[in-house]
Amino acid sequence: MAEPNAPPLFGVAATFASAEALVAAAAAARRAALGRVDAYSPVPVPALGAALELTAPPLPALTLIGVLVGGFGYFGMCAYATIVSYPINVGGRPSFSWPSFVIPSVSIAALVGAIVMALTLLFLNRLPLLNHPVFNIDGFE
């Protein structure tokens with residue numbers, strides 16, 4: 001029976017003597033459908049991702065979408081401004097002189113892609129999280 005003023009149970013922690021034992025326990029816990037299962041190790045364990053059935057994050061696809069939306073959005077905004085909103089005929093040039101918009105569009109595309117990537121990383125890693133119950137485990141550090 002739980003103590004009356006004890007904090008709620010967050011999870012169960014265990015220490016394993018080898019990486020193989022950690023992988024076997026993680027796979028068994030994942031097969032038991034206990035909910036979210038995670039594993040921590042001070043050294044890389046390549047088989048741990050497969051044992052936890054981790055999937056690839058959508059980070060590259062979301063970053064590409066951010067780059068495309070940022071680049072084409074800025075290019076479209078420049079085209080709209082020079083063709084529709086504020087057309088100026090200077091020296092007989094065409095109303096849509098697209099080469100002058102390419103370099104800024106690439107820069108904005110890179111900026112928007114970087115912002116989307118950073119925000120996606122923060123969201124996928126559940127950050128900012130200043131404290132986590134796993135940090136209260138003795139010897140976790």
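Annotations for the structure displayed:
- Extension gain, LEU68 back to GLU53 (0.36 nm per residue minus Cα-Cα distance, nm): 2.3 nm
- In the chain, the longest principal axis of the Cα atoms and the axis of helix 19-31 are about 80 degrees apart.
- Region 1-71 and region 94-123: distance between their alpha carbon centers, rounded to Å: 34 Å
- Carbon/sulfur fraction of accessible area - the chain, other protein chains in place, 1.4 Å, %: 69 percent
- Rough spin-label spacing in nm, given labels placed 7 Å along Cα→Cβ, for ARG93 and ARG30: 5.7 nm
- The length gained by stretching the chain between HIS132 and LEU111 to full extension, at 0.36 nm per residue less their Cα-Cα distance, is 4.4 nm.
- Option label - mean projected area of the Cα convex hull in nm² computed here, alternatives (1) 14.8; (2) 8.3; (3) 18.8: (1)
- Tilt relative to the chain, helix 99-124 - C-alpha long axis, 0 to 90 degrees, to 10: 20 degrees
- Loop-located chymotrypsin sites (Phe, Trp or Tyr not before Pro) in region 1-82 (DSSP state other than H, G, I, E, B) with a sparse environment of at most 11 neighbouring Cβ atoms within 10 Å: PHE10, TYR40.
- Given charges at Cβ of Lys, Arg, Asp, Glu: the chain dipole, positive-most of PHE16, ALA47, GLY73: GLY73
- Computed FRET value (nearest 0.05) for ALA61 with SER41, which takes r as the C-beta separation and R₀ as 25 Å: 0.30
- Per-residue [θ]222 nm for the chain (sum of -39500 (n - 2.57) over DSSP H runs n ≥ 4, rounded to 500): -15500 deg cm²/dmol
- Candidates PRO104, PRO94, PRO60: whichever shows maximal mean-square fluctuation once the chain is modelled as a Gaussian network with Cα springs under 10 Å: PRO94
- Largest mean-square fluctuation among ALA25, ALA51, ALA33, in a Gaussian network model of the chain whose springs join Cα atoms under 10 Å apart, belongs to ALA33.
- Rounded accessible area per residue of region 1-74, 1.4 Å, Å²: 79 Å²
- To the nearest ten degrees, helix 59-80 and the longest principal axis of the Cα atoms of the chain are 20 degrees apart.
The values are calculated or read from the model by the stated rules, or taken from the named source; none is laboratory data. Note that the structure is a prediction, hence the values are computed from the model and not measured. Positions of Cβ are generated from backbone atoms using ideal geometry, with glycine treated the same way; all protein chains shown enter the neighbour counts. For accessibility, only protein heavy atoms count, side chains too; no ligands or nucleic acids. Shrake-Rupley method; radii C 1.70, N 1.55, O 1.52, S 1.80 Å.
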